[in-house]
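See below for the structure under consideration.
Coordinate-derived values only; no laboratory data. All values reported here derive from a predicted model rather than from experimental measurement. Glycine gets a Cβ as well: all are built from the backbone with ideal geometry, and neighbour counts include every protein chain shown.
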Amino acid sequence: MTSPLRLSIDLPALAANWRWFDARSGAAETGAAVKADGYGLGAAAVIARLAEEGCRDFYMTTYDEIAAAGPMPPGCTAYALHGFRQGDDPRTPVVPMLNSAQQIAHWRQAAPGQACDVMVDTGMNRLGIGWREFTADLLDGLNLRTLHSHLACSDEPDSPMNAEQRARFAGIVEAVRPARAALSGSGGACLGEAYRFGAIRPGLGLYGGVPHPAAAGQLASVAAPAAEILQVRSVAAGESAGYNACWTATHPTRLATVNIGYADGYLRAFSSCGEMLVQGRRCRVAGRISMDLTIVDIGDTDARPGDWATLVYSLADAARISGLSQYELLTGLGRRYQRRYL
Ligand SMILES: *Cc1c(COP(=O)(O)O)cnc(C)c1O
């Protein structure tokens, strides 16, 4: 049986994107954020490919998520961004990023002397020990590997918050002198050397997202959704199409009904504005996206049922058209795709 819905994942492009970050990271080690199942593209395949390139640090959320990704390649480390939670087994080969004094106490007692990281919150107020509360003695007796923080506005190069967070973090790093420090994901890594410290944790940019204007045009698209055309019809001027008749033909039009919908992450934000390539031509979505189907104006192509439509899914453009974030466009793709790794 073949699926009428495919997600092509270009692993050579992923590898090239990782090398782009690695070539610009200087002395900082380039890891990879592979949470949310590798941003929707399959964590196991992404990890295997990036390990071949020389990536050694893989960031996921929880111990469960790390277990689902399968064993790490030799020499690689899985990090749990959400730290060491009740019920997590300290014998699992994971380095937790401890986020609070409570987690540190729990870790000290459950896994004395075992390697761990610590996350400091330098102003995002999301996850980590608050920079005002942070004192060096919190780390007493820990086998601390990397001290982390995370930027709130790294995709806004002009935001004063970047420099504020960096200064707070640099102060703590100066006081604690950890073996390694890390502040930046994809966006921060593009803000310059001062933001890179000893390691970077890019995610979005690896998968073809544009995290910062400096990366525009530098990173290759990785994910390409494509769906089968199930039906083709002609409609007369004045006829409508789709739920709530939101689209009306202004002239005789050929419409194709394609096997993708909002349950596949092709959200209603693409109604009447998303585009697909049919026989190499850019064709526009006609009317509302349904749960499992989308209607497309196929112009004068002679597309037939059984032909395929490839979504125009370059992340920065698709985000602009739909108003969704590049992150949502990737991680929302859903479970019905047959993944094809190139
Ligand atoms: C998700 C995440 C990253 C990766 O961020 P991108 O913007 O996708 O590059 C890095 N660090 C932390 C703490 C994260 O949660």
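Descriptive notes on the structure:
- For the stretch 39-121, the set of trypsin sites (Lys or Arg not before Pro) satisfying both a DSSP loop assignment and a count of at most 10 other C-beta atoms within 10 Å is given as ARG91.
- Of the residues VAL95, CYS153, VAL34, the one whose Cα sits farthest toward the positive end of the charge dipole of the chain, with +1 on the Cβ of Lys and Arg and -1 on the Cβ of Asp and Glu, is VAL34.
- Relative contact order, percent, the chain [alpha-carbon distance under 8 Å, six or more residues apart]: 18
- Under the criterion of Cα pairs below 8 Å and six or more residues apart, the relative contact order for the stretch 148-235 equals 23 percent.
- Its Cα centre serving as origin, the stretch 46-163 has a Cβ charge dipole (Lys and Arg +1, Asp and Glu -1) of approximately 320 debye.
- Residues ILE260, ILE104 in ascending order of nearby Cβ atoms (within 10 Å, fewest first): ILE104, ILE260.
- The label-point distance for ARG177 and ARG85, in a model that sets each label 7 Å from Cα toward Cβ, rounds to 3.7 nm.
- Here the translational diffusion coefficient of the chain follows from Stokes-Einstein with Rh set to the Kirkwood radius across Cα pairs; for 25 °C and 0.890 mPa s it amounts to 113 µm²/s.
- Fewest-first sequence of MET276, MET1 by Cβ atoms within 10 Å of each Cβ: MET1, MET276
- Placing unit charges on each Cβ (+1 for Lys and Arg, -1 for Asp and Glu) gives the chain a dipole about its Cα centre, and among ILE172, LEU5, TYR63 the Cα reaching farthest toward its positive end belongs to LEU5.
- TYR341 paired with ASN143, simple spin-label distance in nm, labels 7 Å along Cα-to-beta-carbon: 3.1
- Sorted ascending by nearby beta carbons within 10 Å, beginning with the fewest, HIS82, HIS150, HIS251 become HIS251, HIS82, HIS150.
- Using a simple spin-label model with pseudo-atoms 7 Å out from Cα toward Cβ, ASP302 and ASP158 lie 5.3 nm apart.
- Average 1/r across all pairs of distinct alpha carbons in the stretch 1-67, invert it, and you get the Kirkwood radius: 13.0 Å.
- Across every pair of non-identical alpha carbons in the stretch 47-182, the mean reciprocal distance, once inverted, gives a Kirkwood radius of 15.7 Å.
- Share antiparallel - DSSP beta bridges, the chain, percent rounded to 5: 50
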